[in-house]
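Written below as structure tokens is the structure these notes are about.
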């Protein structure tokens, strides 16, 4: 008998609005402490943020409108790859010999191969609407940089990407991809900014860091009246844009005749793909549907939810951003160089952190070796190669499916496969060659880094 | 006003049958000369082919059943990525300022990023059905090798890939991809076969060639009673399997309310993605629909249609295959090392060659520099990065669209975007760095190579 594997939605079912979690903090019993100006320690005002973000995004960041309309021009670009498919993992279920029903949403069909363009496109749109001519950003391995390059190309903006120098030199392909979308990619630290020159004076051979690259990108945005800055995760407006993912999933599960999921799983770095899948289910819960178990999977190398502290901290290493209350390992914390570059963040989205504090979500962490084992199991059955970041969702789903095998429970498991691994074959090569190293952090080491966090209550 | 960009089909619209051109050679006035045994020069029999192919594929190769049912198990695997999207290139039309309407079928959403799994999956299926335990093949850059590895993984077969040694050493990522699907990848020439050992004795440092790799793969298939060989293009049964592409397109054009295409364009190497898009339109023509102009685009480096000769020749450099009548540059012809590795073939599918001889299709060729220029224009507008092979279709469509701009004609143009370029960023890097070299062949050089072709009338 034929089994349906893939649940597509027609373009007419593309969501018309994003879902704003800020609207439901009351019903969910979640407290979202204000973001603070690092100088005054007072709540930031829109004017504080205006030098780096356009007003429309600042309003989304702070606003509490429950449904935010997606501009038609943004939907036009989304249509290049959205709606994305939802899969039922029949083959993997069989391989795992589990009674569980496993569904996964696949965001790897976007032009950049991940979920990131869901937010880079509206960010570019609102900037263009307000007359901004160029966007600046930082990138490590290049996922976010390529998503913003793509979006700027689609919306006729210039894009300046500060790419951590060691990645610029070691990973030329992502740079080429960004340049193909006409972005200007500069190895960071560079002599194009004060921040970069200061670093180079001290250390002409600096291989750079995300913190330095952020400083350079923000400096350019502040000093150039025609430029603004764009961030790829963590902030409320970024998570808002990702909610197209979960909204599509809910429609697709209905088409699949599936049960409401028992457990929803997604990787967490800054929190954006996680929020994108999960928030629409929280909205449905506020509207009366049962709340699934919600599971965040983070790498052992950056365990902000499982081992961090809920406190005010800087979003960046260089202490330039506002202070946000979040689960953090301390802004000085440097995650080990695992292959899931997109998850190597010391903090966590303030919204996701607050949901964790309120008990709405659970979190687990994994070293990268078992995560790659799970990916290998998945690719053997489903044929799709996960990006290592996405692999954390795969690993989480596998644990749940194996628990169902143990217990005999026929649960419905849903996870987010947020990107393909076609750019990550060097990681798979290291995995297959037995060259993966896992560093786990002791609570002592994390406490040391947390000691540098500013004390604000 | 909202413009629909992408035309999806539900899984229920996945084609149930492949279309067999052999059935329509009469109505199309096409003659398909027999394939000859290279020893006897007599037409080959199924028994001649049985050592390397399973009987079901031999029957498809020689059969004339018009509609060949697609086994449910094959459709089950197809559903992992099929139906694939058809796009209307609104943004590119605007960028080119053309009155033409441009549609493209996108095969890059498959797990291996190209159209190749459309045939690797059924090939693996029929072999498994007949008790074959392992498939052997050769690969250059790795597109076909990864498609067969994926298919063997899905159908529980072992896969042995002989990879040209220079690619094995210079392009480790494709090898890793194949290994992730559990294929055994051996650099060729190797000491695992008589053919390989013979080469290594003469030249221990040989960097290999496709011809040598074919010899090794076929030798293993012939000597191991549990193994058969699989080929990724050229043969009738391979082209048959690709016809899911064009069948889906016809349904999607109807959904788009589009006019019947005025011109259909696809790249040609061995002919398989071309046939996949084009054949269903020829079938529709036999059934009474108008025949679009049909345009094959080949690289200047392997101009078998535009500069070759229609004659009996070997399919491989090593003169091991049967003799087929085709457009050929001579089996000794070595195409320049362009980045479109998948198009570097001295010959052309016998079916496509016969269609060309009968005047059903036109052909043009292009150097790679203008082809990459066209890709750059396309990616700026549409955001999707074409594989260089696929770029030949992009280039062809662009010429047609610009001709429409000139003439003011609002033609409907359809082309096959047969793969994404996420594995080809080194090619784009060379392009952007101005390092692309184009070698054009003079008719004299081609004639020299053609002189080595066996004389059979």
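Read-outs throughout are calculated quantities, based only on the coordinates presented, and are distinct from any laboratory measurement. All of these numbers come straight from a predicted model, not from anything done at the bench. Note that each Cβ is placed from the backbone with ideal geometry, even for glycine, and that neighbours are counted across all protein chains shown.
Quick check: residue separation of residue B:12 and residue B:97 times 0.36 nm, minus the Cα distance between them. What number comes out in nm?
26.9 nm
Counting other C-beta atoms within 10 Å, which of B:125, B:104 has the fewest, and how do the rest follow?
B:125, B:104
Restricting attention to the alpha-carbon atoms of region B:20-127, what are Rg (one decimal) and Dmax (integer), both in Å?
Cα radius of gyration and Dmax of region B:20-127 are 19.3, 58 Å respectively.
Whole number please: convex hull volume per residue, Cα atoms of region B:179-248, in Å³.
On the way: hull volume 9.5 nm³, N = 70.
It comes to 136 Å³ per residue, whole-number rounded.
Measure nothing fancy, just the Cα-based angle from helix A:117-129's long axis to the longest principal axis of chain A, in degrees from 0 to 90, nearest 10.
Helix A:117-129 sits at roughly 40 degrees to that axis.
When the expected Rg is taken as 2.2 N^0.38 Å, what fraction or multiple of it is the alpha-carbon Rg of chain B?
Cα Rg divided by the expected 2.2 N^0.38 Å: 0.92.
Using the Kirkwood radius over Cα pairs, work out the Stokes-Einstein diffusion coefficient for region B:115-177 at 25 °C and 0.890 mPa s, in µm²/s as a whole number.
210
Hey, with R₀ at 60 Å, roughly what FRET efficiency would residue B:286 and residue A:455 work out to, going by the Cβ-Cβ distance, to 0.05?
The value I calculate is 0.15.
Tilt of helix B:368-382 relative to the longest C-alpha principal axis of chain B, in degrees (0 to 90, nearest 10)?
Around 50 degrees separate the two axes.
With the crude spin-label approximation of a point 7 Å out along Cα→Cβ, what separation in nm comes out for residue A:201 versus residue B:405?
Output for this residue pair reads 5.0 nm.
Cα-based Rg (one decimal) and Dmax (whole number) for region A:364-424, in Å?
Expressed in Å, the Cα Rg and Dmax of region A:364-424 come to 11.6, 37.
When a footprinting reagent is the concern and you count Cβ atoms within 10 Å, what order do A:325, B:405 take, fewest first?
B:405, A:325
For peptide A:3-13, how many partner chain Cβ atoms fall within 10 Å of a residue's Cβ, on average?
Going residue by residue through A:3-13 and averaging, the value is 5.
When each copy gets a label point 7 Å from Cα toward the beta-carbon at residue A:97, what are the spacings between them in nm, shortest first?
6.7
Grab the DSSP H runs of chain A that are 4 residues or longer, score each as -39,500 (n - 2.57), total them, divide by all residues and round the 222 nm result to the nearest 500 deg cm²/dmol.
My calculation for chain A gives -12000 deg cm²/dmol from helical runs alone.
What's the exposure ranking of A:245, B:456, going from fewest to most Cβ atoms within 10 Å? The partial results should precede the final answer.
Values: A:245 29, B:456 12.
Going from sparsest to densest Cβ surroundings: B:456, A:245.
If I model a spin label at residue A:129 and residue B:224 as a point 7 Å from the Cα along the Cα→Cβ vector, what separation in nanometres do I get?
Between residue A:129 and residue B:224, the simple spin-label model gives 6.0 nm.
Compute the FRET efficiency between residue A:194 and residue A:156 as 1/(1 + (r/R0)^6), taking r as their Cβ-Cβ distance and R0 = 30 Å, and round to the nearest 0.05.
0.55
Work out how far the C-alpha atoms of the protein assembly as shown reach from end to end along every principal axis, then list the three figures in whole Å, largest first.
91, 64, 55
Could you give the angle, 0 to 90 degrees to the nearest 10, between helix A:388-407's Cα long axis and the longest principal axis of the Cα atoms of chain A?
It is inclined by approximately 30 degrees.
What's the center-to-center distance, using Cα atoms, between region A:136-175 and region A:347-424 in Å?
27
How compact is region A:1-42 by the rule of thumb for globular proteins, expressed as Cα Rg over 2.2 N^0.38 Å?
2.25
Determine the shielding of peptide A:416-428 by partner chains: average, over its residues, the number of Cβ atoms on other chains within 10 angstrom of each Cβ.
3
Using a label point 7 Å beyond Cα on the Cα-Cβ vector, give me the inter-copy distances for residue B:445 in nanometres, one decimal, shortest first.
In ascending order, 5.7 nm.
How big is D for region A:194-348, in µm² s⁻¹ as a whole number, if Stokes-Einstein is applied with the Kirkwood radius of its Cα pairs at 10 °C and 1.306 mPa s?
It diffuses with D of about 90 µm²/s by this estimate.
Please report, for residue B:3, the nm distances (one decimal) from its label point, 7 Å out from Cα along the beta-carbon direction, to the equivalent points in the remaining copies, shortest first.
With the label placed 7 Å along Cα→Cβ, residue B:3 yields 4.1 nm.
If each Cα of region A:162-203 is one equal point scatterer, what is log10 of I(q)/I(0) from the Debye formula at q = 0.22 Å⁻¹?
The Cα Debye sum returns log10 ratios of -0.70.
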